[in-house]
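What follows is a short report on a single structure.
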Amino acid sequence: MTEDVEFLIVGCGPAGGVAAREAARAGVRTVVLEKDSVVGAKRVCAAGLRPGFCETFNLPRSLVHCDTPRLALFDLENREHEVFFGPGHTTTREELDGEIGRLAAAEGAEIRTGMLFRSYERSGDRTIVEYADLAAGGRKRISARNVFFAQGATVKLDGDERFGFDGWRDGLLTTLQYRVYPDTPAKAVAYQTLELHYYLAADGRQIVAWMFPKRDHLAIGLGVRGKMPGARLREELDTFERRVRERLYSGIPTTVKEEGHLLYGGHPRPRVASEGAMVGGTAAGLVDATNGEGIFEAAMSGRMAAAAVAQRRDAPAQASTQYGRNLQRRFFGRLEHRVKLMRYLEKRPARFGALFEDLSRRPRFAEALLLENHERRFGDRMFLWAQALRFAARAANA
Ligand SMILES: Cc1cc2nc3c(=O)[nH]c(=O)nc-3n(C[C@H](O)[C@H](O)[C@H](O)COP(=O)(O)OP(=O)(O)OC[C@H]3O[C@@H](n4cnc5c(N)ncnc54)[C@H](O)[C@@H]3O)c2cc1C
């Protein structure tokens, strides 16, 4: 007998965890398959959160390591442009994903760790999923009325006739990050700031690098589109880390832990829903191409999947249609625009500096840009258009 559940979730990152918590809270019988043995323990991430994240997802403020009202944008010439916002926050994924997983379990979701998703097929009104039990060994099958795929950037949907997307590989970035633990605290400003740096690698490719502060360490990392051999990537990160050290913790002994993962920074997946199956979070391409933000989008996609499943219990096959429509309406316009903006800036990297100057001189421009589409009023849209035209005129000469 194949086990049968109402809602099956693959992956317990922010997308899967929020979906599980909110579906279970609505009374939906929910099972999560997570390949890692401890939720969140292996996530590589700078874990910067947008303002209001904990309140939006009803999470305890104790997760927050640093409140970061200051965004420091560094251009090609290593000039710093400051923008005040929010404040944003930082945390670690061990804590964030672990807490969301615990809250999901407390609502009644069954989280099965050490379970590796392998394949799925549609059969009648069910989706049958096959997975490997990594601890006990052997393969198992489970059938579900609705499945939410939330495996992050390593998702394998290339040859999938429903969700396959030729542009997926073009959007992948290789990243490397150091967790730098200084023996004594770095300069105070480090703990109030999210730093983003846009410059060129030794081979001329665009690099996006960051310094995000935590209570006991600084997450210092970088990403580059496509592949870069490990040794070259490490050289780039060493050079960048030296630059950060000179400004923020010069002369302080440190312990360093290295970690790497794939990041996605391309177009959203054109199809994210098909009868009984939904794709969310980074697996759906929901990452801001200009800055790598994807935790908020992932968590929100989980909320939307849970809402669709809970609202369509009488007609489960329609949940995916509702999810796909709502997700596209909410995120695709902005994320597509961010991909275009990033490619435009990368074409002539001096344009980054022109944009950052505008952002730091006009706080209202930065505020309007940070808003979600649905939060922008008519006046914000007009203002943004005017700023965009100004910037385009300046950038043409950059
Ligand atoms: C270096 C780096 C820095 C980043 N910094 C930030 C940041 O500061 N702020 C921000 O908002 N975003 C950041 N991001 C992006 C952010 O990490 C992602 O957008 C976010 O994690 C997406 O959440 P998710 O739930 O979709 O996927 P993930 O968080 O990737 O979770 C996927 C889950 O699925 C599990 N899984 C994968 N394959 C399988 C399988 N076959 N079977 C079962 N389980 C599986 C994984 O173990 C994991 O638990 C960063 C990413 C990287 C790589």
Report whether or not Tyr198 is surrounded by fewer than 21 Cβ atoms within 10 Å (Cβ to Cβ), of a type in the set (Phe, Trp, Tyr) and either more than 10 Å from the ligand (Cβ to nearest atom) or farther than 30 Å from Arg313 by Cβ (or both).
no
Which of the residues spanning segment 231-274 are within 15 Å of Gln177 (Cβ to Cβ), crowded, with 20+ Cβ neighbours inside 10 Å and aliphatic (A, V, I, L, M)?
Leu233, Leu237, Val244, Leu263
Where a residue in segment 264-285 is over 19 Å from Ser143 (Cα atoms) and its partner, wherever it lies, is basic (Lys, Arg) and not in a strand (DSSP E or B), with Cβ under 8 Å and at least six apart
Arg271/Arg162; Ala283/Arg269; Ala284/Arg269; Gly285/Arg269
The one condition in (1) over 30 Å from Pro229 (Cα atoms); (2) more than 23 Å from the chain's Cα centre (by Cα); (3) modelled with pLDDT of 95 or more; (4) of a type outside the set (A, V, I, L, M) that Glu161 fails to fulfil
(3)
Heads up, the strands (runs of 3 or more DSSP E) in segment 83-170 (entirely inside) with at least 1 residues that are among the β-branched types (Val, Ile, Thr) and within 11 Å of the ligand (Cβ to nearest atom) are 110-113, 126-133
Could you check how many residues of segment 1-27 are buried (at least 22 other Cβ atoms within 10 Å of the Cβ) and either of a type in the set (Gly, Ala, Ser) or under 14 Å from Ala306 (Cβ atoms) (or both)?
17
For the structure I just gave you, tell me whether Gly292 is in contact with an Asp or Glu (Cβ under 8 Å, 6 or more places away or on another chain) and surrounded by 16 or more Cβ atoms within 10 Å (Cβ to Cβ).
no
Confirm whether Tyr264 is within 16 Å of the ligand (Cβ to nearest atom), at pLDDT 95 or above and more than 19 Å from Arg21 (Cα to Cα).
yes
Against the definition (of a type in the set (Gly, Ala, Ser), touching a residue at least 24 places away in the same chain (Cβ under 8 Å) and in the same structural domain as Ala23 (by TED's automatic domain parsing)), how does Ala72 come out, yes or no?
no
Glu80 fails exactly one of the following numbered conditions: (1) surrounded by 18 or more Cβ atoms within 10 Å (Cβ to Cβ); (2) modelled with pLDDT of 95 or more. What is the number of that condition?
(1)
In segment 19-48, the residues that are in contact with a Ser or Thr (Cβ under 6 Å, 6 or more places away or on another chain) and either assigned to a helix (DSSP H, G or I) or farther than 14 Å from Ile111 by Cα (or both):
Ala20, Ala23, Ala24, Ala47, Gly48
Options Leu359, Leu355, Leu327, Leu341; residue that is farther than 20 Å from Glu80 by Cβ and crowded, with 19+ Cβ neighbours inside 10 Å:
Leu327
Considering each residue of segment 22-43, count those that are modelled with pLDDT of 95 or more and either more than 7 Å from the ligand (Cβ to nearest atom) or closer than 30 Å to Thr68 by Cα (or both), and give that number.
14
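The values are calculated or read from the model by the stated rules, or taken from the named source; none is laboratory data. Fair warning: this is a prediction, and the values are worked out from it, not measured in the lab. Note that each Cβ is placed from the backbone with ideal geometry, even for glycine, and that neighbours are counted across all protein chains shown.
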